[in-house]
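Let me begin by presenting the structure, written as structure tokens, before commenting on it.
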Amino acid sequence: MNIYDVSKKAGVSIATVSRVLNGNANVSEKTRQRVLAVMDELGYTPNVFARGLGLNTMKTIGIMCTDSSDVYLANAVYYLEQELRANDYDSILCCTGTKNSTKKKYMELLISKRVDGIILVGSKFLETKPEENTYIIDAAQNLPIMLVNCYLEGDNIYSAQCDDESAVYSVTDALIKSGRKNIVYLYTSTSQSGLNKLSGYEKALELNHIPMRKEFMQLCHKDILRAKDYLNSLHVQNIPFDAVVTSDDSLAVGALKFAYENHVRVPDDLNIVGYNNSILARCTEPELTSIDSKVEALCSTTVNTLMGVFNGSNVPTRTHITADLIKRNTTNF
């Protein structure tokens, strides 16, 4: 039995049930009594919105990420915990790895701990086969599921996303318009976010009537040396390129290492663009131009939306945030 059964039986929206559970004054007494009567009839005892009824609540949010050593994910976890603490919530962190079976196990563990909501950090939680995402949809029947930088359609699922496709499209288009025609794209994954970034690169080439070349698109994971070695392989084959766009700053560092080893002048002969505007972008010489994917804004939006759900407010199920390009010394357009 869940909040959706109560909503259907009482003939009101889920938001109205939420308002009743939270003691929101914007509900008529008649409606409130009807919802409470249905809850009693169905034997429904909420845990997500329990504080509105004076019941026990853990005041705790579960956070799931695939890899806490990843710079982007580690920053996201930090910002989420800061925001949750500011709202008097504790958090439980689970590092799941990428196996779907392990993700499901940790989801079940957090639910068993009676957390009030669960935040999934990063788009690697979404699988290409819809049936492999059913554990997320099922969990959302009992508590709100928040997605950071990915989107999954479903009741009680909320997402905050950076517009990755537009970000990569814009910088690739700017490079082309500045005269760079042979642009290599290095990417770390084929997750939802990864594919959106790749789509932005392909779109920029297509709209500028530049043929897509298979050798100019390479999956390198988050491996600095693999990125460097791949560019070296192009160089050895005398395949010229004048710009490198990457889906992560680590790969842009690899591009800089390639340039240093081969005495390629940056940015005169080679423009390099990173992604995420991480600390890596400021540790190199020259410092990296990088796309700021607004991880802090994504996390604060996620927590604010979650608090809105708890309070029975009308909140958007999907929020888009625009990235910024932080120009430094590896580009000159």
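The values are calculated or read from the model by the stated rules, or taken from the named source; none is laboratory data. Just so it is clear, the structure is predicted and the values come from calculations on it, not from any experiment. Positions of Cβ are backbone-derived with ideal geometry, glycine not excepted, and every protein chain shown enters the neighbour counts. Surface accessibility is based on the protein's heavy atoms, side chains included, excluding ligands, DNA and RNA. Shrake-Rupley method; radii C 1.70, N 1.55, O 1.52, S 1.80 Å.
In this structure, is residue 306 open to solvent by less than 40 Å² (accessible area, probe 1.4 Å) and more than 19 Å from the chain's Cα centre (by Cα)?
Considered against the rule, which asks whether it is open to solvent by less than 40 Å² (accessible area, probe 1.4 Å) and more than 19 Å from the chain's Cα centre (by Cα), residue 306 comes out as no.
Residues that are within 17 Å of residue 292 (Cα to Cα), out of contact with any Pro (no Cβ under 7 Å at 6 or more places or on another chain) and of a type outside the set (Ser, Thr, Tyr): does segment 223-232 have at least one?
Checking segment 223-232: not a single residue is within 17 Å of residue 292 (Cα to Cα), out of contact with any Pro (no Cβ under 7 Å at 6 or more places or on another chain) and of a type outside the set (Ser, Thr, Tyr).
Against the definition (in contact (Cβ under 8 Å) with a residue 24 or more places away in the chain, surrounded by 23 or more Cβ atoms within 10 Å (Cβ to Cβ) and hydrophobic (A, V, I, L, M, F, W, C)), how does residue 225 come out, yes or no?
Judged against the criteria, residue 225 is not a match.
For residues that are among the small types (Gly, Ala, Ser) and within 18 Å of residue 215 (Cα to Cα), scanning just segment 229-258, find the one that is surrounded by the most Cβ atoms within 10 Å (Cβ to Cβ).
255
Outside any loop (DSSP other than H, G, I, E, B) and open to solvent by 20 Å² or more (accessible area, probe 1.4 Å), is that true of residue 153?
Here the answer is no, as residue 153 does not meet what is asked.
In the set 266, 273, which member is in contact with a helix residue (DSSP H, G or I) (Cβ under 7 Å, 6 or more places away or on another chain), in a loop (DSSP other than H, G, I, E, B) and surrounded by 17 or more Cβ atoms within 10 Å (Cβ to Cβ)?
Only one candidate qualifies: 266.
Return a yes/no flag: does segment 246-262 have any residue that is more than 30 Å from residue 150 (Cβ to Cβ), of a type in the set (Gly, Ala, Ser) and modelled with pLDDT of 95 or more.
Checked against the condition, which is being more than 30 Å from residue 150 (Cβ to Cβ), of a type in the set (Gly, Ala, Ser) and modelled with pLDDT of 95 or more, segment 246-262 yields at least one hit.
Identify, please: which residue in segment 58-103 is basic (Lys, Arg) and at pLDDT 95 or above and is, among those, surrounded by the most Cβ atoms within 10 Å (Cβ to Cβ)?
Filtering segment 58-103 down to residues basic (Lys, Arg) leaves 59, 85, 99, 103.
When the remaining residues are screened for being at pLDDT 95 or above, the result is 85, 103.
Numbers: 85: 12, 103: 23.
Filtering first and then ranking leaves 103.
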